[in-house]
Amino acid sequence: MNTFTETLKEILSSVLPITIIVLLLNFTLTPLETPLLMRFLIGALLIIAGLVIFLTGVDICITPLGNLIGSMLAKTNKIWIIGIAGIILGFFISVAEPGLLVLANQVDLVTSGQISGTAILMVVSLGLAVLLALGLARIVYGIPLYKMLTVLYLMIFILALFSSPEFLAIAFDASGATTGVLSVPFILALAAGVSSSKKDSKASEKDSFGLVAIASVGAIMSVLILSVFAKGNKFSSALSSTAAQSSTIAGAFTQLIPGTARESFLSFLPLLVIFIILQSISFKLDKRAYGKILKGFAYSFVGLIIFLVGVNGGFMDVGSAIGYGLANSGNKYYVIVIAFIIGLVTILAEPAVHVLTHEIEEVTSGYVKRSAVLTALSIGVGFAVALSVIRILKPELQLWHYLLPGYIIAIAMTYFVPKLFVGIAFDAGGVATGPMTATFILAFTQGVADATEGASVLIDGFGMISLVALTPIITLQILGLIFKAKSKKGGMEDGERLHG
C-alpha cells in the first residue's frame, strides 16, 4: 500500500501542474468549449488512475523480470545467447511502451495513415532490439561507452544526410518516446543483472548505465533507414481530433475501449509468454513470487488501457487546441513563454527524474546536490520546449540546426567527463521524456504548427521530444565536469572515485 500511495503522489505531481495551466489558460488567453474542457478533465483523471495502476504493475513485474533475466544471461556467459535474448526482449518491451504507442498513433493520425503507426511501432522496436543486444555485448566485452556512442552517432549523422525532414523529426522523437516508463526500468534492471557478473565493482557500476542510451540510438537509426526506402514519397499532414466521434462526452471515451484493450493485450502478451516459458525452464520461482509477477502483468495491462483511453479521449485534443489558440492570439511571445513554463513544470514533476537526482547525489557522495541537478534539468527542458516552439514560429529554422551542434557538443564532452556520468547523462535523456512530454506537450507543439503559416504539422509538429531528450545529456555532463573539478580539489584521483 505504501508503494501505491507513493506512486499516486508522484503521478498527481506530474499531471496536476499541466491541468492547472490548462484551467488558467481557459479563463484567460485560450477559452475552451465546455465539452472539450470536460473531456480534458476526465482524461486527466483517467491518466492519473491509469499511470498509478500501470507503474504499480511495472514495479511488481517488469523490474524483477529484468533482474531475473539479466542474472540468468550473465550466468550463461555465452554472447550469442545474450544477443538473441536482447533482440527478443528489446522488441517486445518496446512494442508495449506507452510513449511509443502514443507517438506511433500520432504519426498515423497526422499523416492520415500515409505513414502507418504500426510500421513506426515495428521498425522502432526492431531498431531498439538490435542495439539493445549490441549494448549488452558492450557490457560483456567492456567496450568504453563513449567510444561506442561516438561511432553510433557518426552513423546517425551519415544516415540523416539521406533522410527527409519529416522522418528526421520522427526518428529523434522515437528515441525519446521508446525509452519511457516501461522500457527504462526493464533495461536498467537488465544492464544491472548482466554487469553484476563482472569481478571489477567499479567497472560493473559504470556499465550498469548507458544501455538505455545505446538502445535509444536504435530507434533513431531504424526510422532513418526507413526514410531511405521511402525516399521520393510525398506525405501530406492534417491535425484532427484523436477522440472517437460521439454525441456524448462519455461516448468519446467508451468507444475507445475495445480497440485500446486489444492493442494493449497484444503489446503485453509476448512478454507474458516469455515469462511463463522462462519460469518453467529457468526461474523456478515459488508459487507466491510467481503469482505476484502475474498480478503485476494484470495491473500493467489494465493501467495501460486506462492511460491510453484518457490520452486519446480528450487530453491530447486540449493540448492541440491550446497550442493552436496561443499561436493565433497575435502575440508569439505568449506561445514561447507558455512553452517554457510547461517544459519547466513538467520535468520538475516527472517521477523518474526525482529517482535519477537521488541516484546522482548518492553516487557522488553528496558532491552534486539533487537540488542543483533538478534546477539545471528543469531550466534546460523549459528552454528545449521553448526552442521547439521558436523553430515552428520561424520556419527557416530546421531541427538539425539544433540537433547537429547539440550532439556534437554532447559526444565531444564524453571524452572529458567522468565515465560514470556519461552513462547517467545519456540514460537521463530517456528519463526526461516521460508521459506528459509524449502526450500533452507533443500535442501542444503540433497545435502551434497547425496554426502557424508556413509550418508543417508533420515536419515541425514533431521534433520537440528529441530536444527534451538532448538537454539532460549536456546538462548532466556539465555537472560531471563540475564534480570532477571538486573531487580533484578534495584529493580524489581523476574525479573517478564515484561510489556513494
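Some notes on this structure:
- Within region 106-125, residues that are over 14 Å from A230 (Cα atoms) have Cβ atoms under 6 Å from residues that are part of a helix (DSSP H, G or I) and at pLDDT below 85 in these pairs: V110/L458, counting only partners at least 6 apart in sequence or on another chain.
- Qualifying positions in region 148-193 - β-branched (V, I, T) and assigned to a helix (DSSP H, G or I): T150, V151, I156, I158, I170, T178, V184, I187
- The residue list A74, A85 contains one member that is among the small types (G, A, S) and farther than 22 Å from L182 by Cβ, which is A74.
- Some residue of region 443-453 being modelled with pLDDT under 85, of a type in the set (A, V, I, L, M, F, W, C) and either under 22 Å from the mean Cα position of the chain (by Cα) or not in a helix (DSSP H, G or I) (or both): no
- Applying a threshold of 9 Å to beta carbon distances and a minimum spacing of six or more residues, or different chains, the list of pairs starting in region 250-271 at a residue that is closer than 16 Å to F54 by Cβ and modelled with pLDDT under 90 and ending at one that is surrounded by 20 or more Cβ atoms within 10 Å (Cβ to Cβ) and of a type in the set (D, E, K, R) reads S267/E97.
- Hits in region 466-485 (condition: in contact with a Leu (Cβ under 9 Å, 6 or more places away or on another chain) and under 15 Å from T437 (Cβ atoms)): S466, L467, L470, T471, P472
- Single condition L121 does not satisfy, out of (1) of a type outside the set (S, T, Y); (2) outside any helix (DSSP H, G or I); (3) within 20 Å of the chain's Cα centre (by Cα): (2)
- Answer residue from region 93-125, given it is surrounded by fewer than 19 Cβ atoms within 10 Å (Cβ to Cβ) and hydrophobic (A, V, I, L, M, F, W, C) and is farthest from G429 (Cα to Cα) among those: A119
- First in region 24-38 and more than 15 Å from G323 (Cβ to Cβ) and in contact (Cβ under 8 Å) with a residue 12 or more places away in the chain, second anywhere and part of a helix (DSSP H, G or I) and of a type in the set (A, V, I, L, M, F, W, C), Cβ under 6 Å, 6 or more apart: P35/I249; M38/I249
- Hey, Y299 closer than 20 Å to D59 by Cβ, assigned to a helix (DSSP H, G or I), free of Cβ contacts under 8 Å to residues at least 40 places away in the same chain and out of contact with any Lys or Arg (no Cβ under 6 Å at 6 or more places or on another chain) or not: no
- Residue list for region 90-114, filter: touching an Asp or Glu at 6+ places or on another chain (Cβ under 9 Å) and modelled with pLDDT under 85: T111, Q114
The values are calculated or read from the model by the stated rules, or taken from the named source; none is laboratory data. The structure displayed is predicted, hence computed values, not measured ones. Don't worry about glycine lacking a Cβ; one is built from the backbone with ideal geometry, like all the others, and counts go over all protein chains shown.
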